[in-house]
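Take a look at the structure below.
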Amino acid sequence: MMMEDPYGRTFKKLRVSLTHECNYACLYCADSSAKSTTAASLLGTPIPAKQSLLPVAGLIKMISNLHAELQLDTVRLTGGEPMLYPDVLSVVSELKNLGIPKIAMTTNGHQFYSQASALKAAGLSSVNISIDALEVETFKKMSRNKGLENVLMSIDKALEIGLELKLNTVVLKGVNDAQILPLLEFAMNKGILIRFLELMPMGPLHQSYKSLFFSESSILDLISNNYAFDALPKEKNATAHYWSINHQKAFGIIANDSTPFCSDCDRLRLDSYGNIYGCLSSLKAITLKPDTSAYLLSEALTEALTHKQQLNFKGNLRTMQSIGG
Ligand code: SAM
């Protein structure tokens, strides 16, 4: 029988944080002392020192158990930076062997281009590449790193090999809001769908996010200076809603504050230490093992489902990076 909460929600999409580590330290994701981020620099629930990254076999066994219970439609590999996981190619091909219909990745694009073709051949269906600016200094400010050239190479590579691609841009007021139009035009010229994200109150900006918050209506106002657009109907279980320009689906906004999306959320998260979370804002980790029995797994999932929030995400000190964005 399908597991469902009183709001009719279940788990169909699994986000797997392959590693907490990242080679960027984005303003909204990592604390100010980080150049690139490791587990030790993350805020949120401390990670016991003896825990280590799951090896491929254990990880795949856990996902296989979850798939048997939930009949997942998508597994998204994320992090941290998923391309830093030592054997990301094996993970993709093993997931393909499990018969998961869609295997997706969210990456910062720093290294993606170098393995894009191999990942596609292994079974990767789509990729979301994060890009917060096209202007070099703003990019550096947002990511606390250099790497714009690499990200652009990854975008071109994904297009060249015909991998389904979307771009993600987190908008911070006074930092990269002037990049919205250039990024939208860049995406439209290349025929890529871009999504602008309202800042979510997580991790280092949990307390202070209001001062950097740039709302959905501000994004729309800015775009309306140059373009006429029409709203498209919201798709079920989607975090983003979309607008068309000249009858082409052109951009989306993921607006946790303005247009919350918890009410039909179907996502489950698995972190790189084998903990599952029913909600991005849950501080309650439920630890699984590759040999967790079907009975205990079902109990764990039933509990995780109770952690979903009713309407919108409240946030806490946990970073997106530690739970898998
Ligand atoms: N390293 C990969 C990347 O950069 O795409 C994957 C992990 S990252 C945590 C996943 C997504 O979460 C990125 O698109 C990032 O911009 C977004 N993100 C992280 N913290 C956020 C926050 N506080 N508010 C909104 N989006 C956030």
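Every number in this text was worked out from the coordinates using simple rules, so none of it is lab data. Keep in mind that what you see is a predicted model, and the values were worked out from it rather than measured. With ideal geometry, Cβ positions are generated from the backbone for all residues, glycine too; neighbour counts draw on all protein chains shown.
Can you give the FRET efficiency to the nearest 0.05 for Ala238 and Glu149, using r as the Cβ-Cβ distance and R₀ = 35 Å?
Plugging the Cβ-Cβ distance into 1/(1 + (r/R0)^6) gives 0.65.
Distant-in-sequence amide contacts of Leu193, defined by a placed amide H-H separation under 5 Å and a gap of 5 or more residues or a different chain, comprise Leu167. One way to sum up the overall shape of the stretch 165-262 is the equivalent ellipsoid from its Cα gyration tensor, whose semi-axes run 22, 16, 12 Å, largest first. Spit out the partnerless Cys residues in the chain, using Cβ distances under 4.7 Å as the pairing rule. Cysteines lacking a close Cβ partner in the chain: Cys22, Cys262, Cys265, Cys279.
Against the empirical curve 2.2 N^0.38 Å, the C-alpha radius of gyration of the chain lands at a ratio of 0.94.
Between 0 and 90 degrees, rounded to the nearest ten: what's the tilt of helix 148-160 against the longest Cα principal axis of the chain? The angle comes out at about 80 degrees.
Across the stretch 300-314, computed HN-Hα scalar couplings (Karplus, 6.51 cos²θ - 1.76 cosθ + 1.60, θ = phi - 60°) run 5, 5, 4, 5, 4, 5, 6, 7, 5, 8, 5, 10, 9, 6, 8 Hz from first to last residue, x flagging Gly and Pro.
Excluding Lys284 itself, what net charge comes from residues whose Cβ is under 11 Å from its Cβ, given Lys and Arg +1 and Asp and Glu -1?
On the way: positive: Arg318; negative: Glu303.
Around Lys284, the surrounding residues sum to 0.
From the helices alone, meaning DSSP H stretches of at least four residues, give me the mean residue ellipticity at 222 nm for the chain, per-run term -39500 (n - 2.57), in deg cm²/dmol to the nearest 500.
Values: 9 runs with 93 residues, N = 325.
Only helices count here, giving -8500 deg cm²/dmol.
Pairs to check: Lys13/Lys120; Lys141/Lys289; Lys210/Lys284; Lys190/Lys236; Lys157/Lys210; Lys12/Lys249. Give those whose C-alpha atoms are more than 29 Å from each other in this structure. Walk me through the intermediate numbers first.
Working: Lys13/Lys120 20 Å; Lys141/Lys289 39 Å; Lys210/Lys284 25 Å; Lys190/Lys236 27 Å; Lys157/Lys210 36 Å; Lys12/Lys249 25 Å.
Cα-Cα > 29 Å for Lys141/Lys289; Lys157/Lys210; rest within.
In sequence order, the stretch 97-102 has phi-based couplings of 5, 6, x, 5, x, 10 Hz under the Karplus curve 6.51 cos²θ - 1.76 cosθ + 1.60, θ = phi - 60°, and Gly or Pro positions carry x.
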